[in-house]
Amino acid sequence: MVNNINRLARYLLDGLLPQYCALCGMFSHSDLPLCQHCREELPINQAACPCCALPLPAHIAAPGCGRCLRHPPAYSAAVVPLIYGEYLAYLIQRWKFQRQSGFTRLLATLWLEHAQVTPPDLLVPIPLHWRRQLTRGYNQAELLARAITAQSSSLQRTRIDTHLLYRHRATAAQSAMDAQARTRNLRGAFTVRRRCDSLRIALIDDVMTTGATAEAAATALLDAGARQVDIWCLARTPL
Ligand SMILES: [Zn+2]
Ligand SMILES: [Zn+2]
């Protein structure tokens, strides 16, 4: 109970108190925990594969990366406006472990500043396995989805569905796996709880590493009738 009150008080105060920049420690001069100078240091994913958003040299980005050309993924496009560099990794870690609302607003603001999307029929946060969600207490992809729709006039009416997709088995920790091992690890990890015929769905997550999670979730939704699945993520890991 006391914990809940503390959390609520902190949530309210986060939006009112002057914020310090989480990277340089100076006043941020806004209600977000990042100053303008540090914000400009974040690498933008400008030249990228139009399909999987892999950062590429500008002169070869247009046709797409070799992997998408050889094996087009199940999803139609990935909208991932930032590159997962050192600064952003630090901000995302603080967001996940401290869960301050200022960080959620900051990351949603950064995404909205650089992403160009049309509203989908449904926005689906990539689910965690229930055991991981129980330990963490929340799903960061859902926090991001809620902040993005709350902060954008064009996405305000977009419905968020946290029930449609279910991660029905705990997959082994993936950080040390290569792309092929991740794909094997995730095969059949998601099920869809009802038909989603003809729907245009956007899947949302924080970081896209190899795309294996996106691929597994998109495949499950397309098998359940979805017309199109796009991926929305904050940041893409470079090769
Ligand atoms: Zn700063
Ligand atoms: Zn690609």
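The values are calculated or read from the model by the stated rules, or taken from the named source; none is laboratory data. What you see is a predicted model, and the numbers here were worked out from it, not measured in a lab. Note: ideal-geometry Cβ built from the backbone for every residue, glycine included; neighbour counts use all protein chains shown. Only protein heavy atoms, including side chains, enter the accessible area calculation; ligands, DNA and RNA are left aside. Shrake-Rupley method; radii C 1.70, N 1.55, O 1.52, S 1.80 Å.
Can you name the residue in the stretch 109-133 that is assigned to a loop (DSSP other than H, G, I, E, B) and open to solvent by 40 Å² or more (accessible area, probe 1.4 Å) and is also nearest to Asn45 (Cα to Cα) among such residues? Step through it out loud before you land on a result.
As a first pass, look at the stretch 109-133 and keep what is assigned to a loop (DSSP other than H, G, I, E, B): 115-121, 126-129.
Subsequent filtering for residues that are open to solvent by 40 Å² or more (accessible area, probe 1.4 Å) retains 116-119, 121.
On the way: Gln116: 13, Val117: 15, Thr118: 19, Pro119: 21, Asp121: 26 Å.
Only one residue tops the list, namely Gln116.
Tally time: how many residues in the stretch 17-37 are surrounded by 18 or more Cβ atoms within 10 Å (Cβ to Cβ) and either among the hydrophobic types (A, V, I, L, M, F, W, C) or modelled with pLDDT of 90 or more (or both)?
Total satisfying the criteria: 8.
Does Ala78 meet the test of being assigned by TED's automatic domain parsing to the domain that holds Ala217, within 16 Å of ligand 2 (Cβ to nearest atom) and at pLDDT 95 or above? Even if it seems obvious, please write down each step before you answer.
Values: assigned by TED's automatic domain parsing to the domain that holds Ala217: yes; within 16 Å of ligand 2 (Cβ to nearest atom): yes; at pLDDT 95 or above: yes.
Yes; evaluated as a whole, the condition is true for this residue.
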**OP:** Return yes or no: is Leu34 within 16 Å of ligand 1 (Cβ to nearest atom) and outside any helix (DSSP H, G or I)?
**Re:** yes
Subject >> Of all residues making up the stretch 134-145, the number that are surrounded by fewer than 19 Cβ atoms within 10 Å (Cβ to Cβ) and within 13 Å of Trp232 (Cα to Cα) >> reply: 0
